[in-house]
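The values are calculated or read from the model by the stated rules, or taken from the named source; none is laboratory data. Computed from a predicted model, the values in this text were never measured in an experiment. Counting neighbours? That spans all protein chains shown, and the Cβs are built from the backbone with ideal geometry, glycine included.
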Amino acid sequence: MKMKMRLDRFLANLGIGSRREVVSLIKKGKVTINGQKVTATDFKVDPEKDLIQVEGVYVQVKPQGFYYKFYKPKGCITSKADKDLTVMEFLPKDLPGLNRIFPVGRLDKDTEGLLIFTDDGLLAHRILHPKWKLSKTYQVLIDKEITEESLKKIEEGVNLSDGKTLPCKVFCLDKTRKFLQIEVIEGRYHLIKRMFGRLGYKVVGLKRTAIGPIELGDLKPSEIVPLSFEEIQSLKKALGLLTG
Ligand code: URA
């Protein structure tokens with residue numbers, strides 16, 4: 001029978017951060033166990049049974065092995081359960097690992113494109129954490145022509161209510177100056193819409209086309225396929241999860 005262990009030790013062992021970093025995360029109320037916020041660092045967890053989330057992302061130590069890419073269509077919510085239509089309802093009922101996998105990060109209801117599903121909590125955490133600098137690439141359609149000055153401001157970082165955005169890459173995909181590609185390493189709520197909104201542009205279409213080395217490619221809306229061995233390896237490599 002496995003012993004219960006201290007929450008801070010469990011998270012540090014998993015590689016979420018140093019002991020000091022995970023203590024700070026717990027004290028800030030960023031960790032939930034079975035849906036309840038826990039701020040006591042010596043709280044005892046059963047890593048095999050408890051559902052542990054750090055900053056909204058599931059982490060776990062049990063066998064990890066399901067990795068999928070999915071084309072999220074517009075009109076559904078990125079959540080495991082909701083009153084509204086969720087991404088889960090598009091997944092085949094016989095998909096291996098269906099009851100274990102969860103979507104990594106969120107796309108808005110009206111956003112389409114690449115969403116990774118996995119049961120690998122550490123990989124999920126690293127995909128989302130800016131420390132690992134994994135790029136997320138989006139195609140963006142805005143309501144009016146963008147100026148060179150605005151492009152420069154977005155690249156350098158814009159001030160949002162929750163802080164300045166990190167430097168990113170952005171460029172026009174055609175001569176209309178309304179169809180752009182942007183590459184960011186953050187995963188903040190409504191990030192792209194807020195960045196453009198701050199400078200007076202409305203995002204009227206948003207599609208994620210890549211997450212680090214994983215590309216949407218020619219997947220069709222609502223299609224899900226397992227990541228290839230090469231894709232998993234390249235993703236893990238980019239996130240410091242492969243040694244040698
Ligand atoms: N930024 C947004 O504004 N929405 C998304 O769905 C993803 C990134």
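State yes or no: is Gly163 exposed (fewer than 15 other Cβ atoms within 10 Å of the Cβ), modelled with pLDDT under 95 and outside the structural domain of Arg106 (by TED's automatic domain parsing)? Here the answer is no, as Gly163 does not meet what is asked. Here Pro226 clears all of (1) more than 25 Å from Lys74 (Cα to Cα); (2) under 18 Å from the mean Cα position of the chain (by Cα) except the condition numbered (1). Checking every residue in the stretch 221-239 against the condition of being free of Cβ contacts under 8 Å to residues at least 40 places away in the same chain and surrounded by 15 or more Cβ atoms within 10 Å (Cβ to Cβ) gives at least one match. Somewhere in the stretch 212-225, is a residue part of a loop (DSSP other than H, G, I, E, B), touching a strand residue (DSSP E or B) at 6+ places or on another chain (Cβ under 6 Å) and within 16 Å of the ligand (Cβ to nearest atom)? The answer is yes; a qualifying residue exists. Whether any residue in the stretch 65-72 is assigned to a loop (DSSP other than H, G, I, E, B), crowded, with 17+ Cβ neighbours inside 10 Å and touching a residue at least 24 places away in the same chain (Cβ under 8 Å) is what I want to check. Yes: one or more hits.
Looking across the stretch 85-124, the residues that are part of a loop (DSSP other than H, G, I, E, B) and within 15 Å of the ligand (Cβ to nearest atom) come down to Val104, Gly105, Arg106, Leu107, Asp108, Lys109, Asp110, Thr111.
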